[in-house]
Amino acid sequence: MERSEAYGFSAVMSGAFLLSCLLFAAINHRQRGPYMDEGFHVPQAQAYCHGLCNPLSLSTFQWDPMITTLPGLYLVSVGVVKPAAWLFGWTGSVVCSAGMLRFINLLFSAGNFYLLYLLLFKIHQKNKAVSGLQRMLSTLTLAMFPTLYFFTFLYYTDPGSVFFTLFAYLMCLYGNHKTSALLGFCGFMFRQTNIVWTVFCAGNVVAEKLNEAWKTELQKKKDEKISSRKGSFSDSIRILKFLIKYLTSPKNLVMLTALTWPYIMLVAVFFGFVCINGGIVVGDRSSHKACLHFPQLFYFLSFTVFFSFPHLLTPTKIRRFLLSLRKHPVQYSVIAVTSLFLVWKFTYVHKYLLADNRHYTFYVWRKVFQRHELVKYALVPAYIFAGWTFADTLKSKSIFWILMYFVCLLAVTVPQKLLEFRYFILPFLIYRLNIPFPSLYRQLLELAFYIVVNAVTLYLFLNRTFQWPNSDEIQRFMW
């Protein structure tokens, strides 16, 4: 990093953190007590603060059965708050208060800002055309990604989950796989589904080796002019044959195992946990049952196009998509029929989605999907475009990286019955980090859009309160 870029980055990060602190103060002034899921997380963290969560002492052990995640957030919180309380002499209700616990996520957000910059620098280091200004602007934009940024100010698992997962990804890219696996374990302790991103880190290593071997294979067959990115049926068959041959070779398997053993051990720990626990969820399992909810992939693609519209929804891309549609009518017909079948047979509606009018998803479902029974089918063409433009922006990556990311994307979205935008944060950030840098104009447009969405959401949360007929509690609109 050049000195001028370092100064600029420090100024941007400091300014963003100052703004977050001001918003944090405003939110804590208006909403002093726990809200929504904080009603589970805050008392549980306070139980850890007071030493009531020692598993060796069954008489005093306290655990809220409605909590579905492991205690990573509470352990980190106590590890930060307790030393700070001793250092500054805090006593009484200040220690482990809702406001103090929320501040942990403000620290995580600062860490996420720095990690996003380092990841952008590492992933795109070979692209000499990328300026320091573009990196800083992209970092600021991703740090203000609305679905993540909002939970900076509440005591939720998302900022910490993102922090440890991004940190693990960064260490993986630098080849520090033991450290990466350890950080992946920390991410797993925040949210069990983060084990998928541990597999993603291992997949990065495997994809890199596959790509090297594939390039060697191409050099041997120059006369056949095989390309790993053409996407034709014959090329797909060649790649599939290559994968089978490579991954069934004992020598290659031993080499890949030697490279990825820290991740393999962590995945083994995960399966051990699932066997002992009887499932991936630790608390309220009745409301978090896994299923094959394939339309979740379509929702994620639509979500990504919405939040990356300056890059994905352009006249040029639309024209290219229509041209591709005209060139490959049979291929798109098969995709359309398959998508319609998946929407027909695998659409699920969670009870929380229909019952809670404090979230964006409630209104999206009511205003769009519940207008008519045929709406969910009519959206299939939009899903196909979203999938095409999504894949088109990843064409700079190797075919093996794309396959690995797509498998992880399916694993993290499809089993979820509940449509919840928070579940899309990590796959979106991983995707957004790996696409080519757009023009400065498009970056500014994306940042401006995020600022507007954040401003509207925070304004509604702070100022547009309401009450339910059967409750005296003040309700607030949120992600």
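The values are calculated or read from the model by the stated rules, or taken from the named source; none is laboratory data. Fair warning: this is a prediction, and the values are worked out from it, not measured in the lab. Neighbour counts run over all protein chains shown; Cβ positions are idealised from the backbone, glycine included. Surface accessibility is based on the protein's heavy atoms, side chains included, excluding ligands, DNA and RNA. Shrake-Rupley method; radii C 1.70, N 1.55, O 1.52, S 1.80 Å.
Within region 273-320, the set of residues being assigned to a helix (DSSP H, G or I), open to solvent by 30 Å² or more (accessible area, probe 1.4 Å) and over 20 Å from Leu148 (Cβ atoms) comprises Phe273, Val274, Cys275, Ile276, Asn277, Pro315, Thr316, Ile318, Arg319, Arg320. Within region 422-479, the set of residues being under 16 Å from Gln31 (Cβ atoms) and assigned to a helix (DSSP H, G or I) comprises Thr457, Leu458, Tyr459, Leu460, Phe461, Leu462, Asn463.
Of everything listed in (1) touching a Ser or Thr at 6+ places or on another chain (Cβ under 9 Å); (2) of a type in the set (Phe, Trp, Tyr); (3) over 30 Å from Trp344 (Cβ atoms), the single unmet condition for Tyr459 is (1). Take the residues in region 216-247 that are within 32 Å of the chain's Cα centre (by Cα), of a type in the set (Ser, Thr, Tyr) and surrounded by fewer than 16 Cβ atoms within 10 Å (Cβ to Cβ); name whichever of them is modelled with the lowest pLDDT. It comes out as Ser227. Of all the criteria given as (1) hydrophobic (A, V, I, L, M, F, W, C); (2) farther than 28 Å from Tyr117 by Cβ; (3) at pLDDT 95 or above, the one not satisfied by Leu418 is (3). Of the residues making up region 113-145, just one is among the small types (Gly, Ala, Ser) and in contact with an Asp or Glu (Cβ under 8 Å, 6 or more places away or on another chain), namely Gly132. Filtering region 66-75 to residues that are open to solvent by less than 40 Å² (accessible area, probe 1.4 Å), touching a residue at least 60 places away in the same chain (Cβ under 8 Å) and in a helix (DSSP H, G or I) leaves Gly72, Leu73. Counting the residues of region 79-118 that are open to solvent by 30 Å² or more (accessible area, probe 1.4 Å) and either among the basic types (Lys, Arg) or within 24 Å of Leu166 (Cβ to Cβ) (or both) gives 7.
Is one or more of the residues making up region 50-62 open to solvent by less than 70 Å² (accessible area, probe 1.4 Å), farther than 30 Å from His288 by Cα and either in contact (Cβ under 8 Å) with a residue 12 or more places away in the chain or within 27 Å of the chain's Cα centre (by Cα) (or both)? No: zero hits. Looking at Val42, is it open to solvent by 40 Å² or more (accessible area, probe 1.4 Å) and part of a helix (DSSP H, G or I)? No; evaluated as a whole, the condition is false for this residue. Each residue in region 165-214 was checked for being among the acidic types (Asp, Glu) and surrounded by 24 or more Cβ atoms within 10 Å (Cβ to Cβ), and 0 pass. Kindly provide the set of residues from region 257-272 that are open to solvent by 40 Å² or more (accessible area, probe 1.4 Å) and among the small types (Gly, Ala, Ser), ordered by number. Answer for region 257-272, where residues must be open to solvent by 40 Å² or more (accessible area, probe 1.4 Å) and among the small types (Gly, Ala, Ser): Ala258, Ala268. Between Phe477, Phe428, Phe437, Phe406, the distinction of being at pLDDT 95 or above, surrounded by 16 or more Cβ atoms within 10 Å (Cβ to Cβ) and out of contact with any Cys (no Cβ under 6 Å at 6 or more places or on another chain) belongs to Phe428 only. Could you look through region 338-379, keep only residues that are touching a Lys or Arg at 6+ places or on another chain (Cβ under 9 Å) and aromatic (Phe, Trp, Tyr), and pick out the one that is most open to solvent (accessible area, probe 1.4 Å)? Ranking the candidates gives Trp344 first. Of all residues in region 455-474, those that are buried (at least 17 other Cβ atoms within 10 Å of the Cβ) and either under 22 Å from the mean Cα position of the chain (by Cα) or among the small types (Gly, Ala, Ser) (or both) total 2.
Considering only region 383-421, state which residues are outside any helix (DSSP H, G or I), among the hydroxyl-bearing types (Ser, Thr, Tyr) and in contact with a helix residue (DSSP H, G or I) (Cβ under 6 Å, 6 or more places away or on another chain). Within region 383-421, Ser398 is the sole residue that qualifies.
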